[in-house]
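Below is one structure, written out as structure tokens; comments come after it.
The values are calculated or read from the model by the stated rules, or taken from the named source; none is laboratory data. Keep in mind it's a predicted model, so treat the numbers as computed, not measured. Note that we place each Cβ from the backbone using ideal geometry, even for glycine, and neighbour counts take in every protein chain shown.
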Amino acid sequence: MPAEIRIYFEGDKLLKPGFDTFFGELRRRAREIRCEFRLISSKSGEQAQHDFEASLQANRSAWSILLRDSEGPLRRRPAYAHSERAFWMVEMMESWFHADPAALARFYGPRFKRTALKANPNIERIPKKDLEKGLRAAIVKTTKGNYFDNKTSHGPQLLAAIDPNLVRQAAPNCNRLFQAILTHLN
């Protein structure tokens, strides 16, 4: 059982509170067994990978994990030496939002157009361009502004609002991440 779990994620440090809420079940389970649970941000996927690899050497008592956008279909991603510790938000973090359109509607309000989102029970099969196009079209008439112009303020709030169980059902790689961490915490 690890003394510490470290998740190195791609994205601005302002996303950390959202990820903290999203991973609440994992944090609570870690606390129950006195395991520290840390989220560490890196601006880019390459920086997250570098920080993750450095942690493997510098923090041997920790179970370090890499979490990043795939930016394309997962089958085109390079293999990692520590693939059991690399997890993907396929094709991008915003795909997770598509798993819980009700949360998006609550956040963006009555002018949110749910039907603009791509309907696919496996959100990881929605191409990045369709994820972006759908989200833009869904929020164009809302009063909160464009998500992509306000990513560091909207992103953490949406991560905190979406239901992790819905995301796990719609995103096999997210489910794999939860299962791997829960296995290490048991």
For residue 133, are the conditions met, namely being without any contact (Cβ under 8 Å) to a residue 40 or more places away in the chain, surrounded by 14 or more Cβ atoms within 10 Å (Cβ to Cβ) and not in a helix (DSSP H, G or I)? no
Would you pick out the residues in region 160-183 that are among the β-branched types (Val, Ile, Thr) and not in a helix (DSSP H, G or I)? 162
So the helices (runs of 4 or more DSSP H) completely within region 16-74 holding 3 or more residues that are within 18 Å of residue 84 (Cβ to Cβ) are 45-58
All positions within region 109-151 that are aliphatic (A, V, I, L, M) and farther than 20 Å from residue 91 by Cβ: 140
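Just to be sure, is residue 144 in contact (Cβ under 8 Å) with a residue 24 or more places away in the chain and assigned to a loop (DSSP other than H, G, I, E, B)?
Answer is yes for this residue.
Which residue, of 101, 73, is at pLDDT 95 or above and not aromatic (Phe, Trp, Tyr)? Outline the logic, then answer.
On the way: 73 fails: at pLDDT 95 or above.
Being at pLDDT 95 or above and not aromatic (Phe, Trp, Tyr) holds for just one of 101, 73, which is 101.
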Give the residue, chosen from 128, 141, 118, that is outside the structural domain of residue 43 (by TED's automatic domain parsing) and modelled with pLDDT of 95 or more. 141
